[in-house]
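Each remark here refers to the structure printed beneath this line.
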Amino acid sequence: QIVYLADYRPTDFVLERVDLTFELHPTETKVDARLIFHRRKGTDNKAPLVLDGDELSLAGLLLDQAEVPAEQYEATAESLTVRDLPESAPFELTITTIINPEANTQLMGLYRTGSIYCTQCEAEGFRRITYFPDRPDVLAPYTVNIIADKAANPLLLSNGNFLGGAGYGEGKHFAAWFDPHPKPSYLFALVAGDLGVVEDTFVTMSGREVALKIYVEHGKEPRAAYAMDALKRSMKWDEERFGREYDLDIFMIVAVSDFNMGAMENKGLNIFNDKYVLADPEIATDADYANIEAIIAHEYFHNWTGNRITCRDWFQLCLKEGLTVYRDHEFSADQRSRPVKRIAEVRHLKSEQFPEDGGPLAHPVRPTKYREINNFYTTTVYEKGSEVTRMIATLLGRDLFKKGMDLYFDHHDGQAVTIEDFIKCFEDVSCRDLTQFSLWYHQAGTPLVTASGSYDAGDKTFTLSLEQMVPATPGQTAKEPMHIPLRMALFAEDGAVLMPTSVTGAELTDDVLHLTERAQSVVFHGIPSRPVLSLNRSFSTPINLQFSQSAKDLALIARYEADHFARWQALIDLGLPNLLQAARDARQGIPVTCDAAFVDALLAAANDESLEPAFRAQALALPSEADIARELGGNNDPDAIHAGRQAILALIAEAGKEIFAALYDSMQTPGPFSPDAASAGRRALRNAALTYLSQSDNAPARAKAAYDAANNMTDLSAALTILAHRFPETVEAKAALENFHDRFAENALVIDKWFAIQAAIPGAATLERIQGLIETPLFKRTNPNRMRALVGTFAFANPTGFGRADGAGYRFLAQEILDIDQRNPQLAARILTSMRSWRLLEPVRADHARSALMQIERAGALSTDVRDIVDRILKE
Ligand code: ARG
Ligand code: ZN
């Protein structure tokens, strides 16, 4: 059934405290939950207490230590109802459940990963451990006692501070933890087992010493060093930038190899997918290092934005996620290059969130209904949520934004709140009315802004006409105009900035132009010569912008803009029409051509030594096939898109031969490996050059030589990708794949790369390769990372292989989804979202895609997760 925001009401009972005792056993773990409640004042004195459960069975129930008579309660797998409870006095309920961690393949609740016990409770996993008011607005302090076999589980961890431990009968021991900070159940965590540890300390700004511990598999401790460094930098940054100090004696991170998502911010005990903890030059790429830094920061930042202040209900998910993504983006921007980070964010937003917002799964950043909350951990809630937070900072300016955040922390610490509470803080400090702005939380769909400019030399005025349109999305047909903050600048032909003497028709504060009406005509006065307009600088607002600028103007922006994001955007705008035309031409069998203005501007940027290498590498990375498909907008043929894009790559490669050869030689990183951003940028530019060189060579030799010479995973995987994707049938590619396999067979995270690189090989033959890979001993169906690497990469990142014309890719996916769904519904639903853009395919493929989706739809026992996605994707 469907949950509606409008139905929210507080619980009838207030939870005062929680006291949990776990007797761990692989298949029969006993959980005693002692819960102290009292009736909320002003509620119905007779109302029963109804607790949530999921696949539970009740093994015992006490009320104030006395057995509860059978007629006073009712227990099912999904709920426990207790009647005739005290009208005003507090009471204690002791609930006993027996659960089976070993059989828990959903990886929600308490489960096993290898020989480790671990938990994942967000959003509704705690109810798989015990009956509980499992919702984020029920906050209490927790005591946790863990009893387990000592030899197998020397380590017994939970949230908060360590109280003590001791032996406990033969071969067992126990540990007790107390978390004084009231928290909702989704932040509960428990870990037990035998792990190695890396330890450090951090002294907070008020001088308290915090013990830092990162737990990993024995022998992998050195690979946690970078994560530890990132953690300390995150703690420092949050103090300096947001005034936020850590609040327990200990902060722990545990890395596990079976995990449904990236990581989880459990209070004081973060649990991570080990992919986002473990790194050394031999196994991790520069991108892996950057991800580790960002995700360590993200989870740590949740301690204030999420844990100290949490969500009233799950509709408010963006309250913690959008805000925390914004915070981790800012952290990475400060640690690395701000414009390069911004480019990466926008690439990600456009390739992941824009298709979601423009397709059948579109939903507001703050939704009003859901069938399965797990399906709302989306790029809209996270990444668009972050963009909305960024826009608040843009509207208010840095100082007022900081003030608003301070007010939020002051005012709502210890509470479970809403987006309205959050916005109110910024209204209060700025005296701005943010009602219209709030539509960003409520209206789904990417706004389309159309712009056109005209210069009047006589009046010395530049007139900019702006129009906005928010497209219809499922359940939302009519939309209101939004408040769209557009950063902008005007340039003279020589690149000098032109400042207007006055502006009419719109508010302009600093470089932010406020578009608030459906259509607005803005006049810039005192402009001495025809200006070149740079609009939506630094991607200040997440929109589609339609603004035809001449190649000459775009080239000027690409050369002179102080905002390097805008330079990159100008290069994209120069290149995109070529890529779109190339796809059309390839489909018609017409030879592909490319504007010289684009190639020249691109090569000029690549060769510009005043620009940082990481930026130049971003400039050389053309929009992906999926990006081109989205821009084409329908009746898409993935083969033609691929062929057209390859042809453009070849033309650039030919024109830039000397430049790429010189870059490949000069962008070396001598000396010992360092993951710092500058070195990573040099490697990125060098590997971009290698990609182009391998185009013009049309031979695998150079890439194979690069593979053999590589002394770090970034270079090794880049060379392997070129070999496998461009020359898959050659002996060089085969030898490199085999070498990579043999070298890293023992390292799951690296073998994931081996699977992923092969899953992304363009062309129809890849499906058969994948079917072969599934049969290899290294393929593990129960491991989410492995499934995402092979099946996920194929479906999300291989348009020609997955979308082969006979529809076999879609049918393969349907079978896989049905199979995965038996074990792990969340994972199945997530991979299925790869089908969200099926309506943009040409009719034959679209038909195949529809049939495959209907095959899923018609299958009998679907999880709510998959049912929800497939229904929405198929809905007209
Ligand atoms: N809160 C976690 C994070 O963003 C992610 C939890 C995802 N939960 C889920 N059911 N998908 O850091
Ligand atoms: Zn998060």
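Throughout, read-outs are computed from the coordinates displayed, never taken from laboratory work. What you see is a predicted model; the values in this text were computed from it and never measured. Glycine also receives a Cβ, built like all others from the backbone with ideal geometry; neighbour counts cover every protein chain displayed.
Of the residues Leu737, Ala789, Gln771, the one whose Cα sits farthest towards the positive end of the charge dipole of the range 700-819 is Ala789 (charges of +1 on Lys and Arg Cβ, -1 on Asp and Glu Cβ, taken about the Cα centre). If R0 is taken as 60 Å, the Cβ-Cβ distance between Ala765 and Ile36 corresponds to a FRET efficiency of 0.45. Under 12 Å from a label point set 7 Å out along the Cα-to-Cβ vector of Asn747, no amide N atom of the range 225-254 is found.
In terms of other Cβ atoms within 10 Å, Cys594, Cys118 run from fewest to most in the order Cys594, Cys118.
With neighbour counts taken as other beta-carbon atoms within 10 Å, the residues Val750, Val277 rank, fewest first, as Val750, Val277.
If you take all other residues with their beta carbon under 12 Å from the beta carbon of Arg34, and give Lys and Arg +1 and Asp and Glu -1, the sum is -4.
What is the dipole size for the chain, taken about its Cα centre, with +1 at each Lys and Arg Cβ and -1 at each Asp and Glu Cβ, in debye to the nearest 20?
1080 debye
The label-point distance for Leu5 and Glu102, in a model that sets each label 7 Å from Cα toward Cβ, rounds to 4.5 nm. Which links in Lys220/Lys780; Lys350/Lys384; Lys150/Lys220; Lys403/Lys424; Lys213/Lys341 stretch past 18 Å when you go from one Cα to the other? Pairs exceeding the cut-off: Lys220/Lys780; Lys150/Lys220; Lys213/Lys341.
Near Gly634, once Lys and Arg are set to +1 and Asp and Glu to -1 for all other residues with Cβ below 14 Å from its Cβ, the sum equals +2. A simple spin-label model places the labels of Glu517 and Glu480 1.8 nm from each other, with each point 7 Å out along Cα-to-Cβ. Shape class for the range 151-297, computed from the alpha carbon gyration tensor (a ≥ b ≥ c): oblate, with a/c not under 1.5 and a/b at or below b/c.
Evaluate E = 1/(1 + (r/R0)^6) for Thr504 and Gln546, where r is the Cβ-Cβ distance and R0 equals 22 Å; express this FRET efficiency to the nearest 0.05. Efficiency, rounded to the nearest 0.05: 0.40. Fully extending the segment from Ala661 to Asp84, taken as 0.36 nm per residue of separation minus the present Cα-Cα distance, adds 199.6 nm. Each listed q (0.06, 0.08, 0.10 Å⁻¹) maps to a log10 I(q)/I(0) for the chain, found by the Debye formula over equal Cα scatterers with no solvent: -0.42, -0.76, -1.21.
Is the C-alpha gyration tensor of the range 655-711 telling us rounded, prolate or oblate? Criteria: a/c under 1.5 is rounded; beyond that, a/b larger than b/c is prolate, otherwise oblate. It comes out oblate by the Cα gyration axes. At full extension, Ala70 and Asp595 could sit 181.0 nm farther apart than now, given 0.36 nm per residue minus the alpha carbon distance.
Take the Cα of Ala166, step 7 Å toward its Cβ, do the same at Lys780, and the gap between the two points is 3.9 nm. Subtracting the Cα-Cα distance of Asp229 and Gln415 from 0.36 nm times their residue separation leaves 63.9 nm of extension gain.
Dividing the mean sequence gap of close Cα pairs (under 8 Å, 6+ apart) by how many residues the range 1-76 holds gives a relative contact order of 24 percent. Can you give me the relative contact order of the range 32-119 as a percent, contacts being Cα pairs under 8 Å and 6 or more apart? Rounded, it is 35 percent for the range 32-119.
The distance separating the Cα centre of the range 227-247 from that of the range 521-577 comes to 36 Å.
As a proxy for reagent exposure, Thr800, Thr450 were ordered by neighbouring Cβ count within 10 angstrom, fewest first; the result is Thr450, Thr800.
For Ile722, neighbours were defined as the other residues whose beta-carbon sits under 15 Å from its Cβ, and their charges (Lys and Arg +1, Asp and Glu -1) total +2.
When a/c reaches 1.5 or more, the comparison of a/b and b/c decides; with that in mind, is the range 523-677 rounded, prolate or oblate per its Cα gyration tensor?
Cα axes put the range 523-677 in the oblate bin.
Estimated from helices alone, the mean residue ellipticity of the chain at 222 nm is -12000 deg cm²/dmol (sum of -39500 (n - 2.57) over DSSP H runs with n ≥ 4, per residue). Efficiency by 1/(1 + (r/R0)^6): what FRET value for Asp708 and Ser115, r their Cβ-Cβ distance, R0 = 35 Å, to the nearest 0.05? Once the sixth-power term is evaluated, E becomes 0.35.
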